[in-house]
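For reference, the structure is listed below as structure tokens.
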2 protein chains.
Amino acid sequence: MPSQAVVVYPLILVPVLSIVGLLFVAVLARSIARHPLDNEAILQITLTIHRGATTFLAREYAVLFPILAVVGVLLALGDGLVAGLSFVVGAGFSILAGYVGMQIATMANGRTTLAARRSLGAALNMAFSGGSVMGIVVSSLGVAGSFLSMFGTLSILHSPEKALVAATGYSMGASLVALFARVGGGIYTKAADVGADLVGKVEAGIPEDDPRNPASIADNVGDNVGDVAGMGADLYESYVGAILAADILGYWFARQHGIADALLAVRYVYYIVAAGLMFSLMAVLLVKLLSRSDRFSPESLLRYGSIGASVALVAASLPLSLGVFGDMKAGSAVTVGVVSGVLIGLASEYFTSSRPVAQIALASKSGAATNILSGMSAGMRSVVIPVAVISAALLAAYAGLGMYGIALAGVGMLGTLGISLSVDAYGPIADNAGGIAELTGQLPVVRERTDQLDSLGNTTAAMGKGFAVGSAALTSLALFSSFAQAMNLPVLNVLDPRVVAGMFLGSVLPFWFSALLIEAVGSTAMLMVAEVRRQFREIPGLLQGLAASDPNACIAISTRGALKYMVPPALVGIAAPFVTYFLLGKEAVGGLLLGATVTGTLLGLYMANAGGAWDNAKKLIERSLGGKGSLEHQASVVGDTVGDPLKDTAGPSLNILIKLISVVSLSFLPLFIK
Amino acid sequence: MPSQAVVVYPLILVPVLSIVGLLFVAVLARSIARHPLDNEAILQITLTIHRGATTFLAREYAVLFPILAVVGVLLALGDGLVAGLSFVVGAGFSILAGYVGMQIATMANGRTTLAARRSLGAALNMAFSGGSVMGIVVSSLGVAGSFLSMFGTLSILHSPEKALVAATGYSMGASLVALFARVGGGIYTKAADVGADLVGKVEAGIPEDDPRNPASIADNVGDNVGDVAGMGADLYESYVGAILAADILGYWFARQHGIADALLAVRYVYYIVAAGLMFSLMAVLLVKLLSRSDRFSPESLLRYGSIGASVALVAASLPLSLGVFGDMKAGSAVTVGVVSGVLIGLASEYFTSSRPVAQIALASKSGAATNILSGMSAGMRSVVIPVAVISAALLAAYAGLGMYGIALAGVGMLGTLGISLSVDAYGPIADNAGGIAELTGQLPVVRERTDQLDSLGNTTAAMGKGFAVGSAALTSLALFSSFAQAMNLPVLNVLDPRVVAGMFLGSVLPFWFSALLIEAVGSTAMLMVAEVRRQFREIPGLLQGLAASDPNACIAISTRGALKYMVPPALVGIAAPFVTYFLLGKEAVGGLLLGATVTGTLLGLYMANAGGAWDNAKKLIERSLGGKGSLEHQASVVGDTVGDPLKDTAGPSLNILIKLISVVSLSFLPLFIK
């Protein structure tokens, strides 16, 4: 291991690439806007959805701001003004990421419906453009913000250690906003979705997104605030968290190995994310170019776009490693991350599409109970391979470089976030386009095309979830080891009952947190059910399509539910490390972080995969088994509804929770031992 | 801490007390048999159930014996002949405990039905007599067997350390049999129960246990092989495991503290269990005496019988501690165990009876999906308090005596097993009595009385489950620390990625194991559904009550399903420590044990409480909300059916799994480092 970089690549390329990314996005957004929205019905619906989403986000931020202000001030008092400002930047960029994504999604949804009237390819192109704006914005902002929080603060503070504290504040800002965005958005969208389905599909027997259902609009607004804005903030947080963990551990790695250039290993992290951003941009361009020809199916385009960028990143990480460190160890750790992310994604894909889904569909023949049991069992089995992969990745990445290697693997998993999030975010846009088609009474072929895009989105999203879960586990472990170092805990012995007690308490958090979220969705959905039933009963002619429904009452219910229920679960996560520290000491907090990471990872995987499997079992029955309205279809709708809050509210929030607990501990608790 | 006992109590009292217990049981069994079964219809059904249960157990043992033989021979080769014999005794006593319990239960069930024709009190008395046989047999055999495996082998081997190895073999025998009994019995009973309900109650609209339903008999046989024989072996295993862990840690405690009498702390364990057995006997006698008068409700009798024995045990443990050690530390650890067991039980009782159940019932109004979500959320919330109690108990019990204190707390929790299991085991007998009443067409009042006994059993069982789960967690942690000692691991550092990787893999085991069990129940239940539908369709006049059903076909399906599916999950548990050891080393096995213990405890609590809450929500709706046949009742039947395999198959098996992994590791892995 040399004490200086063998080759010094200009670091300025990193911010330059993120600016290129943002410029690309601006061009793409303009090209979307240039497509005229020349259909009055679609225009009106789109505006309503856009207004609903904007209103909700504004109210969500209104609840969020005081909390951010308090935490920011405390952080500034404890860790210094720069850390406080860094926190504000992290929170602000996170909000921005979600907001821009939502703006673009509500711009692209109606235009995708219009494009679907022309052809499948045109619709794919429009939806993918919208998704790409999101993917590239999130990763460009992530690279720029992390660079700023590390090297920007370094230029002010002149101490890498202080800069790392400030960067931790930045990451905490991102995590805090992401948690609220995911939780609030998740409650909003699933309460509307579940409520709309329970009365509309099950009781009244009208299709999804039917204009007669007053909750249909709220459901479509929900897709934008939950699946788009929530997901944007979420992945921004994951990306930034992985980079931060690698920054901290890279710095300590250099120090411990006596490398004179203390920032050598930190710079490598930025070379990797910059390269990943570049390959993502190239992949997006390639997919857009090739989608004009008919030679490639949409599925293979999206898949090979993602895989191509991953392969390129691996190919680049190894020579970069050789250049920076003089050996391939760092590149190997990145490769471990990329490969294991793909493996976890493939496992998720298997459990949400192949044999397990067919088994659930078959079990639906004997009713809702066996459908639920079969989905639970599939979800529980689905954690085995991903966790085995995470364990193997942990050991492989650690072997060469210690905890720095584990953090690098986490960065590698999210390295090509630009393209993988583009593919992910295209899903809700296609979903929305389908909703708009139904709400405006388009020809069946239009809905068929958007359904085709949507179901493709479900499969590709599984891969994205694999990356998110895997990187959350690795990042969280890396932050856990940083915490131990910051608290002077060279050893955390599990034969010490304080550590074990902390682990038990940490393991409880994901259960408690999920319970609060599931209950929030359930309670809000029940109000929604009551309101939809009321409108069906009290508005004469509504079910016959002779009178209009009142969507605003439903929007109000989702909004109130989300705002009311989003704070307590977040407080559980924020308060846990403090309470544990003051009651049981720092060893117990160490156990807490580990327990929460392990159980949160498992429960998150379980919920995501069980939910996805139930959803696809329902679709399988609609497509090729009993069909809509059959007894097995009714059973499968129960499973799908149960899975909704698991896969879209509780599951993804767990990834954020485990990192938030870690960064909160890392930012605040070392103050008490000083 | 004195180096010798202050007061030496005669140890011979311990085996004497267990012989007194067995004699008491013999007398009680004779008194049950003396009640004539003078009703031809009841006699025939009882004989059919008895034959079904006996046949199944015989076939279960036939599968089990070769596995036991292989493990026993390996153990004899590795740890010596005495350890192998000790293993055989452990397995044999465990089989005996289940078998005797089942014999008595199938003797008391029909007699309880007959007694319910006279009065509620008479029925309670009969059912409780049956349950008491089980409770006292299990605890007497447990005390006698443990005493034999410790002091009996000591008299042969003349080395406490070798005797402890032999005692570990004994405990492993008990765990292995218990796992098969719980898993096999659990699959049998729940496949029959779910299958019978899905077609009978939901499709055909006939009541539970209706003679027209061909699966009714299999369902009642299942109660005996699963809830009685399975539970007997299960609690025998828990009791024995807790005693063994305290033996090992007591011995090392004395060694580490330079106490000249190395067995001082081991003897204290036996004084405690002997005292607990004595108080249990007294409590059983008291309940039986007082149940003849009408001044006490059955509920308060059972509750105060259990609580009285616990209070007496606490009151005895403190002076015993003073006598043996000269201080109150050991008694305090026992008290911590008793108190925390009660607290966990109360928490379980709350979540399976009070507000959470009412919320689930309310959620059923908007359908099966919200019923499921509400139950999931209640189950997830229900783990918070028990785990906080376990964490507190861990720290409190450790404070005075280190890991020995934790093991003593585990013993304390199960100290009054004799009475608490009597109360527990009375439940399935009452349930069976109700089934027989329905199958033989008794007057409604008979069924009402047995229902009343049954629902009381559900509530008191919650307390028993609290003891079982809490003691499993503490015992498993104590065994984990014994394992670390045996493997020369003074420190198990969670900053070591091997430990973390092991923890991840250990956490997966409860998920994987549960998935296999849920799937086994689901698949077998689907075959049952097909068979019941076939009989309804093909036997003319069956649904009109004009023709008899063919219960043997259903019994055969449950039997085949249980035997087919019980082996793979057990193998997962047995193989895991070996695979982990050879792939990743002893540190990873340490992580594996801890991960399995933490996640297994949480998942076990979740499943038990969610299942109990769904069950009672259904009963609440039947009693005081919509009533049978209403829409919310249909929704609640789905929840109850989903909960069945969770609370009666997977959940209780997890307690056994986490201990089996520990004893397997403790018995075999030290051989590889020698």
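Overview of results
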{"item": "Shape call, chain B: gyration tensor on alpha carbons, a/c limit 1.5", "result": "prolate"}
{"item": "The protein assembly as shown shape via C-alpha gyration tensor axes, a/c threshold 1.5", "result": "oblate"}
{"item": "Charge sum, other residues only, whose C-beta stays under 12 Å from B:Asp640's C-beta, Lys/Arg counted +1 and Asp/Glu -1", "result": "-2"}
{"item": "Computed lengthening from B:Ala204 to B:Ala575, 0.36 nm per intervening residue step minus Cα-Cα distance", "result": "129.2 nm"}
{"item": "Segments B:15-27, A:162-174, B:86-98 sorted - mean Cβ within 10 Å per residue, highest first", "result": "A:162-174, B:86-98, B:15-27"}
{"item": "Ordering of A:521-529, A:568-576 by packing [mean C-beta count within 10 Å, highest first]", "result": "A:521-529, A:568-576"}
{"item": "Too-long pairs where the Cα-Cα distance tops 26 Å, listed order kept, from B:Lys465/B:Lys628; A:Lys618/A:Lys659; B:Lys162/B:Lys465; B:Lys190/B:Lys465; B:Lys329/B:Lys674; A:Lys190/A:Lys564", "result": "B:Lys465/B:Lys628; A:Lys618/A:Lys659; B:Lys162/B:Lys465; B:Lys329/B:Lys674"}
{"item": "Computed label-point distance, nm, for sites B:Ser354 and B:Met282 using a 7 Å Cα→Cβ extension", "result": "3.1 nm"}
{"item": "Segment A:297-320 versus segment A:596-663: alpha-carbon centroid distance in Å", "result": "28 Å"}
{"item": "Nitroxide proxy distance, nm - points 7 Å out along Cα→Cβ at B:Ala62 and A:Val311", "result": "5.7 nm"}
{"item": "Length added when fully stretched, B:Ala69-B:Phe672, from 0.36 nm per residue minus Cα-Cα", "result": "215.0 nm"}
{"item": "Between segment A:489-515 and segment B:361-386, the alpha-carbon center distance in angstrom", "result": "25 Å"}
{"item": "In degrees, nearest ten, helix A:631-645 long axis to first principal axis of chain A (Cα)", "result": "40 degrees"}
{"item": "Distance in nm between pseudo-label sites at A:Ser31 and B:Val445 (7 Å out along the Cβ direction from Cα)", "result": "8.5 nm"}
{"item": "Inter-copy label distances at A:Phe296 (7 Å, Cα→Cβ; nm, one decimal)", "result": "7.9"}
{"item": "Length added when fully stretched, B:Leu23-B:Gln44, from 0.36 nm per residue minus Cα-Cα", "result": "4.6 nm"}
{"item": "Inter-chain shielding of A:393-406 (mean C-beta neighbours from other protein chains, 10 Å cut-off)", "result": "2"}
{"item": "Positive-end residue, the protein assembly as shown charge dipole about Cα centroid, Cβ charges, pick of B:Ala163, B:Met107, B:Ile45", "result": "B:Ala163"}
{"item": "Segment A:12-52 versus segment B:214-254: alpha-carbon centroid distance in Å", "result": "63 Å"}
{"item": "Nearest 10 degrees, 0 to 90: helix A:497-538 Cα axis against chain A principal axis", "result": "20 degrees"}
{"item": "Cα long-axis angle, helix A:40-79 against chain A (0 to 90 degrees, to the nearest 10)", "result": "30 degrees"}
{"item": "Gyration tensor (alpha-carbon) shape descriptor, segment A:337-469, a/c threshold 1.5", "result": "oblate"}
{"item": "Modelled FRET efficiency - R0 35 Å, A:Val567 with A:Val491, Cβ distances, 0.05 increments", "result": "0.40"}
{"item": "Average beta-carbon neighbours from other chains, 10 Å sphere, peptide A:610-621", "result": "0"}
{"item": "Size of electric dipole in segment B:217-311: Cβ of Lys, Arg +1 and of Asp, Glu -1, about Cα centre, debye, nearest 20", "result": "500 debye"}
{"item": "Net charge, B:Pro444 excluded, C-beta distance under 11 Å - Lys, Arg +1, Asp, Glu -1", "result": "-1"}
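Quick note: the coordinates plus some simple rules give every number you see, no bench work behind them. Treat the numbers as computed from the prediction; the structure is a model and nothing was measured. Methodologically, a virtual Cβ is constructed for each residue, glycine included, from the backbone with ideal geometry; neighbour enumeration extends over all protein chains shown.
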